[in-house]
1. Report Rg (one decimal) and Dmax (nearest whole number) for segment 2-220, counting Cα atoms only, units Å.
2. Taking only the alpha carbons of the chain, what extent do you get along each of the three principal axes, in Å, biggest first?
3. What's the angle, to the nearest 10 degrees (0 to 90), between helix 11-21's Cα axis and the longest principal axis of the chain?
4. How far is helix 386-405 tilted off the main Cα axis of the chain, in degrees rounded to 10, range 0 to 90?
5. For segment 229-449, just say rounded, prolate or oblate: build the C-alpha gyration tensor, square-root its eigenvalues into a ≥ b ≥ c, call rounded for a/c under 1.5, and beyond that prolate if a/b exceeds b/c, oblate if not.
6. Which whole-Hz couplings ³J(HN,Hα) result when phi for each residue of segment 204-220 is put into the Karplus expression 6.51 cos²θ - 1.76 cosθ + 1.60, θ = phi - 60°, listed in order with x for Gly and Pro?
7. Helix 435-449 against the longest principal axis of the chain: what's the angle in degrees, Cα atoms only, rounded to the nearest 10?
Amino acid sequence: MIYLGHKIFKKKDQIFFSKISDDYNDIHLNNFAAKKLIYGQQIVHGVNILLTALNFFFKYYKFFLLKRLDCNFLKPVFLNEKIFFYLKRKFNKFYLSVETQNTLCCVILINNSNTIDYSKDFFFNKKFFFKKKKLSLNKYYLYLKKKINSNILKEILSISYLVGMLYPGKYSLLSSISIDNLHNNFKKKYYSYLIKKNKKIGKYEILLNGNTKSHITAFSYIIHHQLNISNLKKIVKKKFLNNKRTLIIGASSGLGETTAKLMALVGSDLFLTYNNEIKNIYKIKKDINRSTSVNCKIFKANILKKNFLNKIKNINDLDYIFYFATPKILQTSYNKFNYDLYRVYKSYYVDQFYKFCFLISKITKKKVKVFYPSTIFLNYKNRLYNEYILAKKQAEKKYPLFKKKIKNIKIFFCKLPEMTTNQNIRVLQNKKINRNANIIFPLIKKFIHND
């Protein structure tokens, strides 16, 4: 593994790239708009990361003939975030990796032997003409500019425009780029392209035929909303709880939201916590109050803050607790363990969780059941989530010792499959939102009835 360099993308870099690519997508330039999305902050253009990585590569390999590249974007890079560029060589292939704090963001395979082959069935019915403007790239892509002709560079830059402004457009995320024939010296001033859409999962494929042959994959960011109570009534056939009180930590979205609605339908009074999503938690409460007769109270509480435990003290006589507190779940590098990320996960899933359970054991005399959402990743070797998996394992390993000391708290570790939430971009694209309740409701019933 060879270290090539590092970079911090600033606001001026974003503005410069937007000017040369014409990609003015709000997710890159509008901080207010970006805060509404899953990552909550501005994201660096994917094509800018690709070109910057190639520029670092050609700084050290000036005589290398670039023919083809395959780029996969695994995690967005944020504004003002320090990223590192590494190179690994295997036979005649070069692997460029872009990482931040040991978290893998992007992998670029250079000169893969495969080629992009368009069958005769493809009809390229759209054309894109390059604008007549000079590209001043010396400051940002000095080494790259010397290796790739200007028309091909314009073609690559236009990919950012096509995805960010047209297909899918607003709030889109680039997933992968494959480009062939990069060594050509053609001087075409336009290219033909074909769009293939899958609206159900928000997936767009762009096939491009010009100075190069390219295949691009992108996704429109779909903000998934959990099912409302009127739809959930089809799953919950009858009410089977009376005079029960449930606390749900992290009920403002995702599985916490679905669980809150399901518990309301089965007849339990609710105490719901939220951290940031105040509008959504009030919508949830309104939906519950409109459709059921249970009592529902909400309060703001951050599991990592000192006043969290003080707020919980005021809730007495609980029967059930669901613990959905979580940070953002990020992929990491195959070959590096990120201790900083692990400590974040551990603070949520282990340290604060057991402090919370100890407190509950002191303020209540009755037996309380706690639902802890574990993961099926524990059963597989998933090297992209090492830190997350280890933290979840630590929580389960600590329970036998906790169980010996505390008798009135019973924790159920439930290994959940991947489900559709706004936590994970990959999950959003290939799961159906209405499966969440169908999966989790049988688990909730088992949790309630299991002694």
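1. Spelled out, the Cα radius of gyration and Dmax of segment 2-220 are 16.4, 46 Å.
2. Dimensions of the chain along the principal axes of its Cα atoms: 78, 43, 38 Å.
3. It is inclined by approximately 50 degrees.
4. Relative to the chain, helix 386-405 is tipped by roughly 10 degrees.
5. Taking the square roots of the gyration eigenvalues as a ≥ b ≥ c, segment 229-449 is oblate.
6. With coefficients 6.51, -1.76 and 1.60, one gets 10, 10, 10, 9, 10, 9, x, 5, 10, 10, 9, 10, 10, 10, 9, 10, 7 Hz.
7. On a 0 to 90 degree scale, this one is about 30.
Throughout, read-outs are computed from the coordinates displayed, never taken from laboratory work. Predicted, not measured: the structure shown is a model, and the values here were computed from it.
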